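The values are calculated or read from the model by the stated rules, or taken from the named source; none is laboratory data. Source: prediction; values computed, not measured. All Cβ positions, even for glycine, are placed from backbone atoms using ideal geometry, and neighbour counts span all protein chains on display. Side chains included, ligands, DNA and RNA excluded: accessible areas come from the protein's heavy atoms. Shrake-Rupley method; radii C 1.70, N 1.55, O 1.52, S 1.80 Å.
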Amino acid sequence: MRVTVLGAGSMGHGIAQVSATAGHDVVLRDIEAEFVEDGLEGIRENLQGGVDRGKISESEMEETLERIEGLTDLETAVEEADLVVEAVPEDMDLKQEVFADIEDAASEDTVIASNTSSLSVTEMASALEHPERAVGLHFFNPPHIMDLVEIVIAEQTDDRTEQFAVDYVQGLEKEDVVVRDTAGFATSRLGLALGLEAIRMVEQGVASPADIDEGMEIGYGHPMGPLELTDHVGLDVRLHIAEHLREELGERFKPPQSLRRKVRAGNLGKKTGEGYYVWEDGERVGMSGEWD
Ligand SMILES: NC(=O)c1ccc[n+]([C@@H]2O[C@H](COP(=O)([O-])OP(=O)(O)OC[C@H]3O[C@@H](n4cnc5c(N)ncnc54)[C@H](O)[C@@H]3O)[C@@H](O)[C@H]2O)c1
């Protein structure tokens, strides 16, 4: 099968990599040659990491790389594709424009997928003349490590497209969950609910961030507690999603005050050195504020 990925950024290059690893012929397309080159370099580095850890052989790495072609011309990139996955920035107007451009240049049977993490696939699909071939393929970051893909079924998605998406994801040897196109899909909605409640518990003095996280890690087997995860994802990103889900689903997603305050102060988590924890050189070294 021929898979074209649009956008060679954080997600796009990873989706191209896992598709090529599964044996598909892959085209990776971005708007500038240097972005394509950066994406291809990212793939090379990921695969080299796999070789260094003994997970794949040198020749498997070379074969995978040979299956990936980098391009900037949209028409050439999509005209023979069986599946096009867009991983361009999270902006509805841009995604609708990209969907319509794909449809203009691709064959009638091409399945058109979006890797959006929060936007409505139904709304994106409405930009198509044949919206029944649209579907969401929500990969997790980084795609070559994370085993889950949420398959998002838009109002217009038909059974053929759904089955195609399931077969593609299973062919990547990843786990699929099929969800209806609703705000936050399944994982962001539930993950955020846990994160916001943990923040409210810290505000109410129920326990320290470290104790809450340890409770969920040891008591519930979560690989990372909800507050540390918030610091990893970025407090600004979580606030943005909370505001979106509050608008769509109601007050239970109202962002807690400390989340707003920290974002206003520029304390966005690991990337700025402080969120609910304090970070130095990417390591957790203490808790923020009164819990220190
Ligand atoms: N980063 C994450 O953790 C994550 C996780 C899941 C889903 N997503 C979703 O994946 C999508 C991409 O996110 P990202 O983090 O990879 O973004 P990114 O900014 O790293 O990459 C986006 C790339 O798209 C390119 N681009 C812009 N317009 C284009 C066009 N018309 N055609 C082709 N390429 C174009 C940009 O040049 C850039 O290289 C978003 O919808 C995002 O919500 C991101």
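Quick one: which residue in Arg246, Arg252, Arg264 is free of Cβ contacts under 8 Å to residues at least 12 places away in the same chain and more than 15 Å from Phe185 (Cα to Cα)?
Working: Arg246 fails: more than 15 Å from Phe185 (Cα to Cα); Arg252 fails: free of Cβ contacts under 8 Å to residues at least 12 places away in the same chain.
Selected residue: Arg264, the only one of Arg246, Arg252, Arg264 that is free of Cβ contacts under 8 Å to residues at least 12 places away in the same chain and more than 15 Å from Phe185 (Cα to Cα).
If I filter region 118-143 down to residues being surrounded by fewer than 20 Cβ atoms within 10 Å (Cβ to Cβ) and within 19 Å of the chain's Cα centre (by Cα), which single residue comes out as farthest from the ligand (Cβ to nearest atom)?
Only one residue fits best here, namely Thr122.
Kindly provide the set of residues from region 86-110 that are of a type in the set (A, V, I, L, M) and either near the ligand (Cβ under 7 Å from one of its atoms) or farther than 17 Å from Glu123 by Cβ (or both), ordered by number. Spell out how you get there, then give the answer.
Keep residues of region 86-110 that are of a type in the set (A, V, I, L, M), which gives 87-88, 92, 94, 98, 100, 102, 105-106.
Within region 86-110, Ala87, Val88, Leu94, Val98, Ala105, Ala106 meet the criteria.
Among the residues of region 214-239, how many are surrounded by fewer than 22 Cβ atoms within 10 Å (Cβ to Cβ) and more than 14 Å from Gly266 (Cα to Cα)?
Step one: filter region 214-239 for residues surrounded by fewer than 22 Cβ atoms within 10 Å (Cβ to Cβ), giving 214-224, 229, 232-234, 236-237, 239.
Then keep just the ones that are more than 14 Å from Gly266 (Cα to Cα); that gives 214-224, 229, 232-233.
Residues meeting the conditions: 14.
If the requirement is being open to solvent by less than 30 Å² (accessible area, probe 1.4 Å), more than 18 Å from the chain's Cα centre (by Cα) and within 23 Å of Ala20 (Cα to Cα), which of these qualifies: Ala87, Ala81, Ala113? Write out each step before concluding.
Numbers: Ala87 fails: more than 18 Å from the chain's Cα centre (by Cα); Ala113 fails: more than 18 Å from the chain's Cα centre (by Cα).
After ruling out the rest, the residue left standing is Ala81.
Give just the number: which of (1) of a type in the set (Asp, Glu); (2) assigned to a helix (DSSP H, G or I); (3) open to solvent by 50 Å² or more (accessible area, probe 1.4 Å) does Glu103 not satisfy?
Here Glu103 meets the rest and fails (3).
Taking interchain pairs and intrachain pairs at least six residues apart, which have beta carbon atoms under 6 angstrom, with the first residue in region 217-240 and without any contact (Cβ under 8 Å) to a residue 12 or more places away in the chain and the second small (Gly, Ala, Ser)?
Filtered contacts from region 217-240: Glu217/Gly225.
Scan region 157-195 for residues that are charged (D, E, K, R), under 27 Å from Gly23 (Cβ atoms) and in contact (Cβ under 8 Å) with a residue 60 or more places away in the chain and jot them down.
Just the residues of region 157-195 that are charged (D, E, K, R), to begin with: 158-160, 162, 167, 173-176, 180-181, 189.
With under 27 Å from Gly23 (Cβ atoms) added as a condition, the list becomes 158-160, 162, 167, 173-176.
Passing the criteria: Glu173, Lys174.
Of all residues in region 1-50, how many are under 14 Å from Leu172 (Cα atoms) and either in contact with a helix residue (DSSP H, G or I) (Cβ under 6 Å, 6 or more places away or on another chain) or assigned to a helix (DSSP H, G or I) (or both)? Even if it seems obvious, please write down each step before you answer.
Our first condition is that a residue be under 14 Å from Leu172 (Cα atoms); within region 1-50, this holds for 1-3, 14-26.
Checking the rest, the ones that are also either in contact with a helix residue (DSSP H, G or I) (Cβ under 6 Å, 6 or more places away or on another chain) or assigned to a helix (DSSP H, G or I) (or both) come to 3, 14-22, 26.
The number of residues fulfilling the criteria is 11.
Listed residues Val278, Val206, Val177; which is part of a strand (DSSP E or B) and open to solvent by 50 Å² or more (accessible area, probe 1.4 Å)? Even if it seems obvious, please write down each step before you answer.
On the way: Val278 fails: open to solvent by 50 Å² or more (accessible area, probe 1.4 Å); Val206 fails: part of a strand (DSSP E or B).
One residue alone meets the criteria, Val177.
Would you say Asp211 is in a helix (DSSP H, G or I), open to solvent by 50 Å² or more (accessible area, probe 1.4 Å) and closer than 24 Å to Arg284 by Cα? Steps first, please.
Values: in a helix (DSSP H, G or I): yes; open to solvent by 50 Å² or more (accessible area, probe 1.4 Å): yes; closer than 24 Å to Arg284 by Cα: yes.
Against the criterion (in a helix (DSSP H, G or I), open to solvent by 50 Å² or more (accessible area, probe 1.4 Å) and closer than 24 Å to Arg284 by Cα), Asp211 qualifies.
Please go through region 32-56 and give me each residue that is more than 18 Å from Val3 (Cβ to Cβ), surrounded by 13 or more Cβ atoms within 10 Å (Cβ to Cβ) and within 16 Å of the ligand (Cβ to nearest atom), ordered by number.
Scanning region 32-56 gives Phe35, Glu37, Asp38.
State whether one or more residues within region 71-78 are modelled with pLDDT of 95 or more, touching a Gly at 6+ places or on another chain (Cβ under 7 Å) and open to solvent by less than 30 Å² (accessible area, probe 1.4 Å). Talk me through it step by step, then tell me what you get.
Here is the first cut: in region 71-78, the ones modelled with pLDDT of 95 or more are 71-78.
Next, only the ones that are touching a Gly at 6+ places or on another chain (Cβ under 7 Å) stay: none.
So far as region 71-78 goes, no, none of its residues is modelled with pLDDT of 95 or more, touching a Gly at 6+ places or on another chain (Cβ under 7 Å) and open to solvent by less than 30 Å² (accessible area, probe 1.4 Å).
In region 129-163, which residues are among the polar types (S, T, N, Q), closer than 16 Å to Val111 by Cα and assigned to a loop (DSSP other than H, G, I, E, B)?
Answer for region 129-163, where residues must be among the polar types (S, T, N, Q), closer than 16 Å to Val111 by Cα and assigned to a loop (DSSP other than H, G, I, E, B): Gln156, Thr157.
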